[in-house]
């Protein structure tokens, strides 16, 4: 008989998980827009920029993590997002100290476990853990790459002074930045597990992200 704990863990969202995702999203969005929030009190802030930051982090962070989660679940794993309080604090502190010019922190991450082992079904599924880790890890920065390309297309398509062009600019920069950082082939980054499991898959995601990041660094 499946235990109540196992039943909770096998559900799509564990109790309190959605709230943790929202808290991490809001915290990261506030960190990203700290200069504009301070500017509201001095009359130089722009609400559009703050809203754009919230939309950008929804794609760059929330959907990145949900990519990990749902791909893991689709491959037979239990996957739940857990908040990291110190990571949120670090993001907020670095953003405030640098006035939004530098942001470093990890508000949380998706943690996975083999579903068959936890639910005690009585059999073990034959699988390649290295390949599973590569595919699950690729879902996050792969999502960043997809949104970066979408926002890049919108930047060229939309008028340069509208709200949605601001969203596109924020979304492009954030997705390129987070995706490029996560594709570094060093532990515990996603890139380490992706390159370890499949070099072609790693290059397919990393090269366009790193190229766009280099463009931003050289021409911004």
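Nothing in this text is a laboratory measurement; each read-out follows from the coordinates by a stated rule. Keep in mind the model is a prediction, meaning the values are calculated, not measured. A quick note on method: Cβ atoms are made from the backbone with ideal geometry, for glycine too, and the neighbour counts reach across all protein chains shown.
Worth a mention:
- The conditions of being under 30 Å from residue 47 (Cα atoms) and buried (at least 23 other Cβ atoms within 10 Å of the Cβ) are not met by residue 191.
- Inter-residue pairs, beta-carbon under 7 Å, first free of Cβ contacts under 8 Å to residues at least 60 places away in the same chain and on the phi < 0 side of the Ramachandran plot and in the stretch 150-179, second outside any helix (DSSP H, G or I) and surrounded by fewer than 20 Cβ atoms within 10 Å (Cβ to Cβ), 6+ apart: 164/158; 165/158; 165/159; 168/158
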